[in-house]
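Coordinate-derived values only; no laboratory data. What you see is a predicted model; the values in this text were computed from it and never measured. Positions of Cβ are backbone-derived with ideal geometry, glycine not excepted, and every protein chain shown enters the neighbour counts.
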Amino acid sequence: MSAVLRPLADRMRPRRLAEFTGQQQILAPGKPLRQAIEGGRLHSMILWGPPGTGKTTLARLLAATVDAQFLALSAVMAGVKDIRAAVEQAKLARAQGRPTVLFLDEVHRFNKAQQDTFLPYVEDGTLTFIGATTENPSFEVVSALLSRARVYVLKSLGTADLAKLLQEALSDSERGLGERRIGIEPAALELLAQAADGDARRALNMLEILADLAVETPAGALIGREQVVEVASGGRRRFDKGGDQFYDQISALHKAVRGSDPDGALYWLARMLDGGCDPLYLARRIVRMATEDVGLADPRALQMTLSAWETYDRLGSPEGELALATAVVYLAVAPKSNAVYTALAEARADVEKYGTLEVPARFRNPTTRLMREIGNGEGYRYAHNEPDAYAAGERYLPDEMPDRRYYSPAPRGLEIQIGEAMSRRRNLDREAGEKPTDGSKDPVRKPP
């Protein structure tokens with residue numbers, strides 16, 4: 001394919017490290033990857049970052065610095081047969097004294113068996129492996145391969161970096177659009193850089209479209225803000241419904257709610273809705289936030305979130321999204337308590353620890369004659385018949401278990417009153433002859 005027909009993003013691919021834009025966290029002078037490229041030292045690596053941040057370009061630059069054979073495969077289309085063919089090519093190159101770089105794009109799409117196929121050849125030096133992934137390699141790359149490769153994290157390009165790249169593409173007569181003498185308004189350039197959302201490939205692809213939409217003026221062809229709005233409209237921000245970005249953003253939303261920041265919570269809610277997240281999924285998670293982080297400090301929070309879920313279910317988008325936003329803000333400003341959440345976790349731990357303990361006979365229903373004869377219900381104190389409807393000194397755990405205090409109300413919201421009521425009942429227990437407790441775990445007491 002001639003240079004004229006190749007996409008602008010491909011034509012503008014950096015040929016030297018000096019032409020590379022961004023990623024100073026790994027390419028600044030003195031950084032290990034920079035030293036490896038400049039020193040021509042190959043090592044296996046995994047490049048992890050969003051689309052359009054230079055993963056393929058870095059792999060090519062590294063191969064070029066040592067005159068290595070560069071074999072590129074895509075995990076979307078390649079299989080074990082393709083890997084074996086690449087290994088054979090690497091063996092032939094090695095016999096001629098030339099190293100080989102095997103670049104595997106979207107390595108996270110390879111299963112364990114496929115990744116294991118080329119692992120022995122990484123170990124014996126037949127080839128240097130460079131994998132590119134948008135997913136967390138900790139979860140997607142087998143541990144044996146991960147332990148033999150260094151992971152470099154690439155970040156989305158900033159607006160300034162993208163603006164610089166776009167200007168270079170407009171002025172470069174050899175590979176870019178320089179011969180067409182197209183100008184761009186400063187406001188349009190900034191808007192285009194923002195619309196690219198950190199993705200250099202996306203920025204250059206949009207610029208290539210805009211070049212054909214440039215308006216002729218007395219000073220020459222010019223790309224204005226209107227053309228950029230037309231080309232960039234409808235583009236969503238990056239959002240992978242099954243990947244790290246998805247879980248990172250829902251985590252940020254949850255933490256903003258927990259941290260009582262309604263503005264941060266609204267931002268992450270808007271980001272996820274903008275990215276195409278299923279609002280019903282968000283509704284479920286918002287209900288979880290009500291039970292985990294607000295709890296009994298404000299019991300109305302649970303009803304608020306359930307109502308928001310039902311409202312969205314009835315109205316759909318976009319009207320129902322306002323109900324979700326209302327619930328998120330309510331949760332963020334509500335008093336916080338995870339007392340029930342932690343209490344349930346402790347109770348579950350004791351269930352696992354103590355196994356299947358018998359229900360004390362006094363709590364069993366004496367529904368038949370036989371049950372009454374064996375003592376079911378004997379000694380049970382009906383709380384409603386006790387003073388203040390409280391059986392002071394009664395113990396409801398299995399007799400073989402030590403006393404436990406799982407639930408400790410937080411000193412916030414309604415739980416202040418709950419804590420005061422529980423304190424009064426403990427005083428009644430003491431007056432009934434029970435030993436007071438300190439801490440979350442009570443000493444063993446003799447069962448009644």
**Request:** Give me ILE223, ILE83 ranked fewest to most by other Cβ atoms within 10 Å of their Cβ, as a rough exposure proxy.
**Result:** ILE83, ILE223
**Asked** Extension gain ARG148-LEU213, at 0.36 nm per residue separation less the Cα-Cα distance, in nm?
**Response** 18.5 nm
**Backbone HN-Hα couplings from phi across the range 380-386 [Karplus 6.51/-1.76/1.60, Hz, Gly and Pro as x]** = 6, 9, 6, 4, 5, 8, 9
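Which links in LYS31/LYS164; LYS55/LYS91; LYS55/LYS112; LYS155/LYS255; LYS155/LYS336 stretch past 32 Å when you go from one Cα to the other? Can you show the working numbers first?
Numbers: LYS31/LYS164 23 Å; LYS55/LYS91 25 Å; LYS55/LYS112 22 Å; LYS155/LYS255 22 Å; LYS155/LYS336 34 Å.
Over 32 Å apart, Cα to Cα: LYS155/LYS336.
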**Asked** How would you order 50-56, 268-274 from highest to lowest mean count of nearby Cβ atoms within 10 Å?
**Response** 50-56, 268-274
**Fill in**
Semi-axes of the range 23-153 from the Cα gyration tensor (sqrt of 5 times each eigenvalue, largest first, whole Å) come to 21, 19, 12
**Item:** Karplus-derived HN-Hα couplings along the range 190-207 (A = 6.51, B = -1.76, C = 1.60, θ = phi - 60°), whole Hz, x at Gly and Pro
**Value:** 5, 5, 5, 5, 5, 5, 5, 6, x, 10, 5, 4, 5, 4, 5, 5, 5, 4
**Request:** Pop the C-beta distance of MET401 and LYS255 into the FRET formula with R0 = 22 Å and round what comes out to the nearest 0.05.
**Result:** 0.05
**Item:** Calculated FRET efficiency for the pair GLN167/LYS31, C-beta based, R₀ 25 Å, to 0.05
**Value:** 0.45
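With the radius of gyration and the Kirkwood radius both derived from the Cα set of the chain, what is their ratio Rg to Rh? Can you show the working numbers first?
Working: Rg = 32.2 Å, Rh = 27.8 Å.
That ratio equals 1.16.
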**Message:** Testing the spin-label approximation: label points 7 Å from Cα along Cα→Cβ at ARG6 and GLU230. State their distance in nm.
**Reply:** 3.0
**Request:** Please find, in a Gaussian network model of the chain (springs between Cα atoms separated by less than 10 Å), the residue of LEU302, LEU428, LEU207 whose mean-square fluctuation is greatest.
**Result:** LEU428
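Students often check this: by mean Cβ neighbours within 10 Å, which of 194-206, 304-316, 391-403 ranks highest, and how do the rest follow? Intermediate results must be reported in sequence, preceding the final value.
On the way: 194-206: 21.5, 304-316: 17.5, 391-403: 14.9.
Result, highest mean first: 194-206, 304-316, 391-403.
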**Asked** Expressed as a fraction of 2.2 N^0.38 Å, the rule-of-thumb size for a compact globular protein of N residues, what is the C-alpha radius of gyration of the range 185-312?
**Response** 1.46
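For n ≥ 4 DSSP H runs only, could you compute -39500 (n - 2.57) per run for the chain, divide by its residues and tell me the 222 nm figure to the nearest 500?
Working: 20 runs with 216 residues, N = 448.
So the calculated ellipticity at 222 nm is -14500 deg cm²/dmol.
So if the hydrodynamic radius of the range 159-232 is defined as the Kirkwood radius over C-alpha pairs, what does Stokes-Einstein give as its diffusion coefficient at 4 °C and 1.567 mPa s, in µm² per second? Present the calculation step by step, with values, prior to reporting the outcome.
On the way: Rh = 11.9 Å.
Taking Rh from Cα pairs, D becomes 109 µm²/s.
Which value, to two decimals, describes the C-alpha radius of gyration of the range 340-431 once divided by 2.2 N^0.38 Å?
On the way: Rg = 16.0 Å, N = 92, 2.2 N^0.38 = 12.3 Å.
The value comes to 1.30.
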